[in-house]
Amino acid sequence: MEKLAAVIGHIEGYAYSHATVAGAEGGRTYYTLHFKVSLSGGPFSTGDLTITAARNADGISLFGLFINGTTGQRSQ
């Protein structure tokens, strides 16, 4: 995660947007959670964060995390 912070910056704030069902397989339902984030310390001031998780009888498992810097590119 430290290497990711050096590339994209630090998440200063976030707002939940929505969730989508990514699919189902082997008794698990996969969800993608969407967030809008504000960033600092990197080239972007805002971005989109998606987290993919699965729910099954044992609980919830994290499968993926993606941050995409979007608008408000900072000048160098």
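Structural remarks
- Diffusion coefficient, µm² s⁻¹, Stokes-Einstein with Kirkwood Rh over alpha-carbon pairs of the chain at 10 °C and 1.306 mPa s: 118 µm²/s
- Cα-centre dipole for the stretch 2-69 with unit charges at Cβ (Lys and Arg positive, Asp and Glu negative), debye to 20: 60 debye
- Were the residues from Leu65 through Ser17 laid out at 0.36 nm apart, the gain over their Cα-Cα distance would be 15.7 nm.
- Fewest-first ranking of Leu62, Leu49, Leu39, Leu33, using other Cβ atoms within 10 Å as the exposure measure: Leu62, Leu33, Leu49, Leu39
The numbers here are math on the coordinates, done by the rules we state, and not lab data. Keep in mind it's a predicted model, so treat the numbers as computed, not measured. In this analysis, Cβ positions are derived from the backbone assuming ideal geometry, glycine residues included, and neighbour counts consider all displayed protein chains.
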